Amino acid sequence: MKTSGLIATLIFASGSLAALGTEARRARSAEKIAVRSAGNRNSNLRFPAIDTDGSLDELTNNSYVEYSTNWAGAVLIGTGYNSVTGTVTVPKPSIPSGGSSRTTYYASAWVGLDGDTCETAILQTGIDVGIQGTSYVYEAWYEWYPDYSYTFTGFAISAGDSIRMTVKATSKTAGSATIENLTTGKSTSHSFSSQTQSLCETNAEWIVEDFQSGSSLVPFADFGEFIFTDAKATTTGGSTVGVSGATIIDIRQNSKVLTDCGTSGTYEVYCDYTG
């Protein structure tokens, strides 16, 4: 839907915010590849939260919550996961309190396989929301890490749209990423085959991310709230599971918790911006 006058067209003389979002994710992926090749990386690509004194952040909240500098949401750890799905309503992001109208802020929401404990590959798809001044960006993307993430070109999404995200592994080196705009009735997908890095099929994820560009995390947008409904994973044995028992993650940066995430019922993950 593009009926709201509050949503800007996002076209600038020098390009668009959408293009900037693509470039930022590409830079993020390049950094991941460089870190992997150097053998100096967190195996789950989820960076541990660091206190201001340089020490690892201790769990001072609920015992089931883990903190990260870049991930928030829920992760299932097990065996045989081969597909993950979830539906979100696209929020209209805001500039964080104390932020600048000249800075571009982003947040991503995605579903994925194997981003937590697998050390070889991640299959993921999701959306970015961004804001700079009074202009906004909304775009969808897919990725089989360690390759770059790529934008689904020509696929329109807007604030308020209901977006269903699905990744499916047909083998440990092949699969698909699908984004459906349930509001407009449009969908898009990408198929992967003969990937050089294999999935482990040990993780299913529903994540809100402050992604990395170059060597730094991008400025994190006040995304309001992401709620993953119909949050399900399937296994190679044909079972469907929900998010019960998932590990809950919140983003903490500079000793400040920026999100409040959890599960509600069997098939819902919520993340609220609290920064």
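The values are calculated or read from the model by the stated rules, or taken from the named source; none is laboratory data. The shown structure was predicted, so the numbers you read here are calculated from the model rather than taken from an experiment. Every residue, glycine as well, gets a Cβ built from its backbone with ideal geometry; the counts of neighbours run over all protein chains shown.
Condition check ((1) of a type outside the set (S, T, N, Q); (2) within 18 Å of the chain's Cα centre (by Cα); (3) farther than 24 Å from Y148 by Cα) across all residues:
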site: V208; (1), (2), (3): yes, yes, no
site: D222; (1), (2), (3): yes, yes, yes
site: G242; (1), (2), (3): yes, no, yes
site: T247; (1), (2), (3): no, yes, yes
site: I251; (1), (2), (3): yes, yes, no
site: S264; (1), (2), (3): no, no, yes
site: V269; (1), (2), (3): yes, yes, yes
site: D272; (1), (2), (3): yes, yes, yes
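The residues listed here are G130, G175, G126, G160; of these, the one that is surrounded by fewer than 24 Cβ atoms within 10 Å (Cβ to Cβ), in contact (Cβ under 8 Å) with a residue 12 or more places away in the chain and part of a strand (DSSP E or B) is G175. Restricted to the range 178-222, and to residues there that are in a loop (DSSP other than H, G, I, E, B) and of a type in the set (D, E), the residue that is nearest to N70 (Cα to Cα) is D210.
Among residues that are acidic (D, E), under 28 Å from S100 (Cα atoms) and touching a helix residue (DSSP H, G or I) at 6+ places or on another chain (Cβ under 8 Å), E143 is not included.
Scanning the range 258-275 for residues that are farther than 18 Å from P93 by Cα and part of a strand (DSSP E or B) turns up G262, T263, V269. Residue under question is V111, and the condition is that it be crowded, with 20+ Cβ neighbours inside 10 Å, of a type in the set (V, I, T), farther than 18 Å from G275 by Cα and at pLDDT 60 or above; does it hold? Yes, satisfied.
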